[in-house]
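Presented below is the structure to which this report refers.
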Amino acid sequence: MAEHFLGKAASHCRWNNALAPALSIAPGDTVCMECHDSSGGQVTPDLTLDGFRALDRERIHTLTGPVEIRSARPGDVLEVRVRRVEHLGWGWTSFVPGMGLLPERFAGPYLHLWELEENVTRSLPPAVVPLRPFCGIMGVAPAAVGEHRTRPPGVFGGNMDVKQLVAGSTLYLPVQVAGALFSAGDAHAAQGDGEICVNAIEMPANAEFEFHLRRDFSLDEPFAETPPAARDFDDQGNWAFIASRTDPLEAVKSVVNRAVDFLAARFSYSPEAAYVLCSVVLNLRISQWVNQPTVTITGLLPKALFATNSQP
């Protein structure tokens, strides 16, 4: 079982099963990948808003790979053990016109740069945000021929943004093409459920994966096992924002708008900064789907983020 290194120069920003492998490995091998941030290295720790406006959006979701797993074939399951995901000391969150959950309220563009300590960031005081790095995109090449944007996820994995897929997790992906052709990127230092303003804490990263082939079961869509450390940061309870609507999207918008207003009023954030913080820490839950046609959505804001300000 060999160990390999794949630098960020081996990158692409489209899914395409015709791409030549950047690395070929045997089942059981481990690969350490350098991953660009989701901008493909265009965002830097000192980027200005004017510089952000000038980003080449065609390079969004630049991925490292693809990695060929020799002998993988369609119908196999690729077992991806996430051994580590490490940040490089900084990250960013933004929103842009016409995107995110609340484009009617937040026109943008807006950019927030984060300084990352080993396990937390204090870049939006008084919040102390715990870091749980993971790769927002992990996937194999899709079966469909040609180039495909990386934003939509699918049966092959891809841009799933499952924040529980931290180190210690195992992701299982149904192999679509010979060699599997695995790629990863879009690493996040922290993310709330839903990633509501479009971004989490986007960051460059070093990620290490161990690959195995499974033929003892089959999958139609991704499946994962996650470690206990991936549970919510809610040891001091949450502020809960609850909304019931016949349209689930309207319920979600009500929850998020109220959470933004709460943060702005209680902690003197600008609405824009509160929106960014919600994208990083607010956890959305479906509380009930049974009382049709009315659905209830709850947004959980962990009190422990504000340890000295957590009284109701």
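Only residues that are surrounded by 15 or more Cβ atoms within 10 Å (Cβ to Cβ) and either of a type in the set (D, E, K, R) or in contact with a Phe, Trp or Tyr (Cβ under 6 Å, 6 or more places away or on another chain) (or both): list them for segment 67-81, please.
Matches in segment 67-81: VAL67, GLU68, ILE69, ASP76, VAL77, GLU79, VAL80, ARG81.
Give the residue that is nearest to the chain's Cα centre (by Cα), with candidates limited to residues of segment 56-94 that are of a type outside the set (S, T, N, Q) and at pLDDT below 95.
Filtering segment 56-94 for residues that are of a type outside the set (S, T, N, Q) and at pLDDT below 95, the one nearest to the chain's Cα centre (by Cα) comes out as HIS61.
Would you be able to say whether some residue in segment 148-159 is touching a strand residue (DSSP E or B) at 6+ places or on another chain (Cβ under 7 Å) and over 30 Å from ARG215 (Cβ atoms)?
Within segment 148-159, one or more residues are touching a strand residue (DSSP E or B) at 6+ places or on another chain (Cβ under 7 Å) and over 30 Å from ARG215 (Cβ atoms).
Tally time: how many residues in segment 43-88 are hydrophobic (A, V, I, L, M, F, W, C) and in a loop (DSSP other than H, G, I, E, B)?
Residues meeting the conditions: 7.
Just need a number here: residues in segment 1-39 that are within 25 Å of the chain's Cα centre (by Cα) and either of a type outside the set (D, E, K, R) or not assigned by TED's automatic domain parsing to the domain that holds GLY91 (or both).
24
Here is a check on your reading of the model: is LEU63 surrounded by 22 or more Cβ atoms within 10 Å (Cβ to Cβ) and either more than 21 Å from CYS278 (Cβ to Cβ) or of a type in the set (Lys, Arg) (or both)?
Yes: the conditions hold for LEU63.
Which of the numbered conditions does GLY40 fail, given that it passes all the others? Conditions: (1) in contact (Cβ under 8 Å) with a residue 40 or more places away in the chain; (2) in contact with a Lys or Arg (Cβ under 6 Å, 6 or more places away or on another chain); (3) outside any strand (DSSP E or B).
Failing condition for GLY40: (1).
Please go through (1) in a helix (DSSP H, G or I); (2) modelled with pLDDT of 90 or more for GLU210 and return the number of the only condition it doesn't satisfy.
(1)
A quick yes/no check of all residues on (1) within 19 Å of SER123 (Cα to Cα); (2) in contact with a His (Cβ under 8 Å, 6 or more places away or on another chain); (3) surrounded by 15 or more Cβ atoms within 10 Å (Cβ to Cβ); (4) not charged (D, E, K, R):
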{"residue": "PRO222", "(1), (2), (3), (4)": "no, no, yes, yes"}
{"residue": "ASN238", "(1), (2), (3), (4)": "no, no, yes, yes"}
{"residue": "VAL252", "(1), (2), (3), (4)": "no, no, yes, yes"}
{"residue": "VAL260", "(1), (2), (3), (4)": "yes, no, yes, yes"}
{"residue": "ALA273", "(1), (2), (3), (4)": "yes, yes, yes, yes"}
{"residue": "CYS278", "(1), (2), (3), (4)": "yes, no, yes, yes"}
{"residue": "LEU284", "(1), (2), (3), (4)": "no, no, yes, yes"}
{"residue": "GLN292", "(1), (2), (3), (4)": "no, no, no, yes"}
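The values are calculated or read from the model by the stated rules, or taken from the named source; none is laboratory data. All values reported here derive from a predicted model rather than from experimental measurement. Cβ coordinates were reconstructed from backbone atoms using ideal geometry, including for glycine residues, and neighbour counts include every protein chain displayed.
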